[in-house]
1. Return the residues of region 241-258 that are in contact with a strand residue (DSSP E or B) (Cβ under 6 Å, 6 or more places away or on another chain) and surrounded by fewer than 21 Cβ atoms within 10 Å (Cβ to Cβ); say none if nothing qualifies.
2. For region 215-255, which positions are within 19 Å of the chain's Cα centre (by Cα) and part of a loop (DSSP other than H, G, I, E, B)?
3. I'm told residue 214 meets every condition in (1) modelled with pLDDT of 95 or more; (2) buried (at least 16 other Cβ atoms within 10 Å of the Cβ); (3) more than 16 Å from residue 122 (Cα to Cα) except one. Can you identify the failing condition by its number?
4. Out of the residues in region 167-189 that are in a loop (DSSP other than H, G, I, E, B) and exposed (fewer than 15 other Cβ atoms within 10 Å of the Cβ), state the one that is modelled with the highest pLDDT.
5. Take the residues in region 31-47 that are out of contact with any helix residue (DSSP H, G or I) (no Cβ under 9 Å at 6 or more places or on another chain) and loosely packed, with under 15 Cβ neighbours inside 10 Å; name whichever of them is modelled with the lowest pLDDT.
6. Quick check: is even one residue across region 2-16 surrounded by 10 or more Cβ atoms within 10 Å (Cβ to Cβ) and either within 22 Å of residue 247 (Cα to Cα) or at pLDDT 50 or above (or both)?
7. So which of 139, 135, 119, 102 ends up being out of contact with any helix residue (DSSP H, G or I) (no Cβ under 7 Å at 6 or more places or on another chain) and surrounded by fewer than 18 Cβ atoms within 10 Å (Cβ to Cβ)?
């Protein structure tokens with residue numbers, strides 16, 4: 001129909017056919033250190049803003065395999081996702097901050113080993129709203145943050161539904177109760193001289209479930225029998241209800257232990273183990 005190749009309709013058909021033979025355009029892959037990922041191996045667009053907000057606007061951060069984050073490949077229960085963090089081969093770790101890229105509340109906890117015997121390691125459970133990178137950032141004495149990451153897949157919804165103690169009303173009877181146990185010679189996840197497993201009864205409401213305001217543990221400290229502080233923990237809404245924390249020690253600390261803390265409503269936490 002269009003014997004003349006210069007005819008406009010003929011030219012459009014020829015160009016369309018040529019374009020179909022060309023390879024599809026490829027997305028630009030940022031090299032480590034390039035924007036917008038800042039070297040993030042998980043290539044999350046959320047990471048640069050998270051670094052500025054939670055680690056500091058001028059914070060220096062590197063991704064470091066010595067910061068190990070372990071979690072399930074898939075969160076079968078998004079209200080109780082187990083995470084274990086350990087730092088292997090880094091001296092002088094002052095703080096560990098745990099963050100979740102795609103949670104509505106991204107900061108989960110801030111852990112400070114306060115004694116030489118307290119290892120930079122913690123295990124706990126948290127609420128996950130959707131599949132997301134989970135990060136641990138460990139700050140050393142020079143102010144440099146070392147970041148480890150993992151990805152947890154999930155069907156989601158962990159932050160926006162009430163916990164079981166809200167549903168049955170039992171939270172008021174157990175609020176603030178503390179229990180725990182010290183284990184010797186722990187092997188497996190990371191060898192340690194002792195491990196303290198600590199539970200604090202609290203509903204840990206995110207404030208994102210209809211009609212239930214935010215209500216969560218804010219600070220927690222564990223002290224040896226002589227009064228020396230072993231560790232300090234700041235927690236936020238995504239930590240699971242009635243949280244259980246595990247802490248490792250290079251030597252067996254002397255008990256009984258004193259546990260003190262406060263929630264965001266000013267309720268005091270006091271216990272002895």
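1. 244, 246, 250, 251, 252, 256, 257, 258
2. 216, 236, 237, 238, 240, 241, 242, 243
3. (2)
4. Let us first name the residues in region 167-189 that are in a loop (DSSP other than H, G, I, E, B), namely 169-170, 175-177, 187-189.
Within this subset, residues satisfying the condition of being exposed (fewer than 15 other Cβ atoms within 10 Å of the Cβ) are 169-170, 177, 187-188.
On the way: 169: 88, 170: 91, 177: 97, 187: 64, 188: 53.
Only one residue fits best here, namely 177.
5. 31
6. Looking for residues that are surrounded by 10 or more Cβ atoms within 10 Å (Cβ to Cβ) and either within 22 Å of residue 247 (Cα to Cα) or at pLDDT 50 or above (or both), one finds none in region 2-16, hence no.
7. Details: 139 fails: surrounded by fewer than 18 Cβ atoms within 10 Å (Cβ to Cβ); 135 fails: surrounded by fewer than 18 Cβ atoms within 10 Å (Cβ to Cβ); 119 fails: surrounded by fewer than 18 Cβ atoms within 10 Å (Cβ to Cβ).
Going through 139, 135, 119, 102 in turn, just one is out of contact with any helix residue (DSSP H, G or I) (no Cβ under 7 Å at 6 or more places or on another chain) and surrounded by fewer than 18 Cβ atoms within 10 Å (Cβ to Cβ): 102.
The values are calculated or read from the model by the stated rules, or taken from the named source; none is laboratory data. Predicted model only: the values in this text are computed from it and were never measured. For neighbour counting, all protein chains shown are included, and Cβ atoms are generated from backbone atoms with ideal geometry for every residue, glycine included.
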